[in-house]
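A short write-up of the structure that comes next.
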Amino acid sequence: MAIGDNANDKEMVKRAGLGVAMGNSMLSANGIGDIVVQDNNQNGVAQAINQYVNMIK
């Protein structure tokens, strides 16, 4: 899983097994990422970890 929000994260998010775009990012606006989570002010990274990493256990 890779989580990103800006142009420098584009390739990382595209190549990851699960690409996560932050909700307020240019990535989500351009349809990059397998999923979109809340923005950084709404704990989007925690949302992604709780929803997708914890389910692997």
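The values are calculated or read from the model by the stated rules, or taken from the named source; none is laboratory data. Since we're looking at a predicted model, the values are computed, not measured. Quick reminder, even Gly has a Cβ in these numbers, built from the backbone with ideal geometry, and neighbours come from all protein chains shown.
Points to keep in mind about this one:
- Residues that are touching a strand residue (DSSP E or B) at 6+ places or on another chain (Cβ under 9 Å) and at positive phi occur at least once in the range 12-35.
- Hits in the range 36-57 (condition: touching a strand residue (DSSP E or B) at 6+ places or on another chain (Cβ under 7 Å) and assigned to a loop (DSSP other than H, G, I, E, B)): 39
- Residues located in the range 17-34, provided they are surrounded by fewer than 17 Cβ atoms within 10 Å (Cβ to Cβ), under 11 Å from residue 1 (Cα atoms) and either at pLDDT 95 or above or of a type outside the set (A, V, I, L, M) (or both): 17, 34
- Answer residue from the range 1-16, given it is surrounded by 14 or more Cβ atoms within 10 Å (Cβ to Cβ) and among the hydrophobic types (A, V, I, L, M, F, W, C) and is nearest to the chain's Cα centre (by Cα) among those: 3
- Flag if residue 32 is in contact (Cβ under 8 Å) with a residue 40 or more places away in the chain and not in a helix (DSSP H, G or I): no
- In the range 1-40, the residues that are of a type in the set (Lys, Arg) and out of contact with any helix residue (DSSP H, G or I) (no Cβ under 7 Å at 6 or more places or on another chain): 14, 15
- Candidate set from the range 17-29 (those that are among the hydrophobic types (A, V, I, L, M, F, W, C) and part of a strand (DSSP E or B)); member that is farthest from the chain's Cα centre (by Cα): 22
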